[in-house]
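Trainee: I have a structure I would like to understand better, so I am pasting it below and will then ask my questions one at a time.
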Amino acid sequence: MKIILVDNFNREGPGHNDTLIAEKVNKHFIKKICEFLNLRFGGINSPNYFRPVENDYKPHKFKP
């Protein structure tokens, strides 16, 4: 599984692309890792949100 960084407010546009943080993460630990990252570097008012996704997920890239 992978961990990606997405926009916490679902904004689209330049600068709001999904970012790959880690790949090949054990599925038993990924939920707790994302919770920790969101507590430490995210939060309700933070523009960042860490999320687990499957290996075949393609990150969103803004295309005008």
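Computed from the coordinates by the stated procedures, all read-outs in this text should not be read as laboratory data. Source: prediction; values computed, not measured. Glycine gets a Cβ as well: all are built from the backbone with ideal geometry, and neighbour counts include every protein chain shown.
Trainee: Being out of contact with any His (no Cβ under 7 Å at 6 or more places or on another chain) and in a strand (DSSP E or B) is the requirement here; does Pro59 meet it?
Mentor: Taking the combined requirement at face value, the residue does not satisfy it.
Trainee: Looking at the range 34-52, which of its residues are closer than 14 Å to Ile4 by Cα and part of a helix (DSSP H, G or I)?
Mentor: Cys34, Glu35, Phe36, Leu37, Asn38, Phe41
Trainee: Would you confirm, using the coordinates I've provided, whether Ile4 is loosely packed, with under 12 Cβ neighbours inside 10 Å and among the β-branched types (Val, Ile, Thr)?
Mentor: No.
Trainee: I would also like to ask the following. Can you tell me which residue within the range 8-35, out of those that are over 12 Å from Pro59 (Cα atoms) and of a type in the set (Asp, Glu), is surrounded by the fewest Cβ atoms within 10 Å (Cβ to Cβ)?
Mentor: The extreme case among them is Glu12.
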